[in-house]
Amino acid sequence: MSIDKEELQKQIIAKIKTIYDPEIPVDIYELGLIYDIDVNDEGNVHIVMTLTSPNCPSAEQIPQEVEEKTKKVEGVKDVKVQLTFDPPWDKDMMSEEAQLELGFL
């Protein structure tokens, strides 16, 4: 059984877009906190993400929520969320939509 990795990735992104940083009214995908979503042939997903700051109050909650919501996507077998601060997040990583929403543009 082969999986459509591109379609699976789109569904994962849609799920991730339902997760918000509690301090910023923009979803974490548009904020640029998701650096990479890798789906392999077996449906295992590896997500590399960051937080707005290393001492973010939601440091444990957000990655856990990413893992839980990604696991709910049909076709996903396993999820590994890797947290990194390299490169450190900055507001230029936000999508244009997020920057407009927050008044940066």
key: Matching residues, the range 65-81, being out of contact with any Gly (no Cβ under 9 Å at 6 or more places or on another chain) and loosely packed, with under 13 Cβ neighbours inside 10 Å   = LYS72, GLU74, LYS80
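Residues are listed down the side, and each one gets a yes or a no for (1) out of contact with any strand residue (DSSP E or B) (no Cβ under 7 Å at 6 or more places or on another chain); (2) among the aliphatic types (A, V, I, L, M); (3) over 19 Å from ILE37 (Cβ atoms):
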position: ALA59; (1), (2), (3): yes, yes, yes
position: LYS71; (1), (2), (3): no, no, no
position: LYS80; (1), (2), (3): no, no, no
position: LEU83; (1), (2), (3): no, yes, no
position: MET94; (1), (2), (3): yes, yes, no
position: ALA98; (1), (2), (3): yes, yes, no
position: LEU102; (1), (2), (3): yes, yes, yes
task = Please work out which one of (1) under 10 Å from the mean Cα position of the chain (by Cα); (2) more than 13 Å from GLU74 (Cα to Cα); (3) surrounded by 15 or more Cβ atoms within 10 Å (Cβ to Cβ) is the condition THR52 fails and give its number.
result = (1)
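Condition test on ILE24, is it in contact with a Gly (Cβ under 6 Å, 6 or more places away or on another chain) and part of a loop (DSSP other than H, G, I, E, B)? Give the steps one after another, and end with the answer.
Details: in contact with a Gly (Cβ under 6 Å, 6 or more places away or on another chain): no; part of a loop (DSSP other than H, G, I, E, B): yes.
No.
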message = Taking the condition of being farther than 26 Å from ASP4 by Cα and surrounded by fewer than 17 Cβ atoms within 10 Å (Cβ to Cβ), how many residues in the range 55-64 meet it?
response = 5
remark   = Checking LEU105, LEU51 in turn, the sole residue that is without any contact (Cβ under 8 Å) to a residue 24 or more places away in the chain and over 27 Å from ASP4 (Cβ atoms) turns out to be LEU105
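Every read-out reported here was derived from the displayed coordinates using simple, explicitly stated rules and does not represent laboratory data. From a predicted model like this one, the values you see are computed outputs, not experimental measurements. All Cβ positions, glycine included, derive from the backbone under ideal geometry; neighbour counts span all protein chains shown.
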